[in-house]
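Worksheet: one structure, shown below.
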Amino acid sequence: MRVASEYLVEPHEKTGVKPSRRKLAPVQARGPGKRAYRLLSELTVGLLAFLGCTFVAALAMPLDLMNRSYLLIIPLIGAISAYGLLKDAKHQNDLAHFRSSVLIVMAAFATLACLFWPFMIPFARAVEQAASPPVSPAFMLWGAGLFVIPFTLVYTTAAYRLSRAKVAEAHDE
């Protein structure tokens with residue numbers, strides 16, 4: 001006699017094998033992936049050493065960091081996420097590693113941007129003085145807006161359609 005749950009899962013049409021309803025154990029890294037997890041802590045320490053050296057070098061520059069000490073929170077966020085990356089290296093959780101890595105890079109770029117902000121846009125200039133002449137936006141409108149962007153969209157659409165057809169043909173075989 002068939003159980004009701006057997007009717008819920010249909011066998012695969014080509015192989016005739018029913019899919020399993022068991023929960024799968026987490027996949028352990030094998031081969032090159034296992035080596036990458038072993039190198040993760042070493043690479044993180046190397047990245048932290050590099051970022052630390054650049055931070056110390058930035059302190060030596062005349063960036064007036066001590067008067068803007070609130071900016072120290074950004075490198076601190078990067079250091080905390082690097083600590084999390086090192087701590088979770090044994091768990092082999094790719095999503096957590098990705099988030100920590102992205103947070104480290106974002107903190108590094110945010111630190112760079114905040115430290116050099118006064119040098120990028122001087123406060124002695126008004127917006128009207130820093131704005132480009134009217135010819136530049138007009139050139140961008142005619143050059144990029146009417147020719148480059150539509151050409152890029154047409155090319156991307158055509159490449160997608162060609163690739164989609166090739167993938168569909170390969171899948172049907």
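The values are calculated or read from the model by the stated rules, or taken from the named source; none is laboratory data. Source: prediction; values computed, not measured. Here the Cβ is made from the backbone with ideal geometry for all residues, glycine too, and neighbour counts use every protein chain on show. For the accessible areas, the whole protein counts, side chains as well, though only heavy atoms, and no ligand, DNA or RNA atoms are used. Shrake-Rupley method; radii C 1.70, N 1.55, O 1.52, S 1.80 Å.
Would you confirm whether or not the range 136-149 contains a residue that is out of contact with any Leu (no Cβ under 8 Å at 6 or more places or on another chain) and closer than 30 Å to Leu39 by Cβ?
No, the range 136-149 contains no residue that is out of contact with any Leu (no Cβ under 8 Å at 6 or more places or on another chain) and closer than 30 Å to Leu39 by Cβ.
Any residue in the range 53-62 that is open to solvent by 70 Å² or more (accessible area, probe 1.4 Å), modelled with pLDDT of 70 or more, of a type in the set (Phe, Trp, Tyr) and closer than 28 Å to Ala110 by Cα?
So far as the range 53-62 goes, no, none of its residues is open to solvent by 70 Å² or more (accessible area, probe 1.4 Å), modelled with pLDDT of 70 or more, of a type in the set (Phe, Trp, Tyr) and closer than 28 Å to Ala110 by Cα.
Restrict the check to the range 88-110 and report whether at least one residue is assigned to a helix (DSSP H, G or I), under 19 Å from Arg68 (Cα atoms), out of contact with any His (no Cβ under 8 Å at 6 or more places or on another chain) and open to solvent by 40 Å² or more (accessible area, probe 1.4 Å).
Yes; the residues of the range 88-110 include at least one that is assigned to a helix (DSSP H, G or I), under 19 Å from Arg68 (Cα atoms), out of contact with any His (no Cβ under 8 Å at 6 or more places or on another chain) and open to solvent by 40 Å² or more (accessible area, probe 1.4 Å).
Is it the case, given these coordinates, that Thr111 is modelled with pLDDT of 80 or more, over 30 Å from Gly46 (Cβ atoms) and of a type in the set (Ser, Thr, Tyr)? It would help to see each step written out before you state the result.
Details: modelled with pLDDT of 80 or more: yes; over 30 Å from Gly46 (Cβ atoms): no; of a type in the set (Ser, Thr, Tyr): yes.
Spelling it out, it is not the case that Thr111 is modelled with pLDDT of 80 or more, over 30 Å from Gly46 (Cβ atoms) and of a type in the set (Ser, Thr, Tyr).
Looking only at the range 63-92, count every residue that is of a type in the set (S, T, N, Q), free of Cβ contacts under 8 Å to residues at least 60 places away in the same chain and farther than 16 Å from Phe109 by Cβ and tell me the total. Quick ask: steps written out before the conclusion?
First pass over the range 63-92, keeping only residues of a type in the set (S, T, N, Q): 67, 69, 81, 92.
In the following step, the residues that additionally are free of Cβ contacts under 8 Å to residues at least 60 places away in the same chain were identified as 67, 69, 81.
Subset that is farther than 16 Å from Phe109 by Cβ: 67, 69.
Summing the residues that are of a type in the set (S, T, N, Q), free of Cβ contacts under 8 Å to residues at least 60 places away in the same chain and farther than 16 Å from Phe109 by Cβ in the range 63-92 gives 2.
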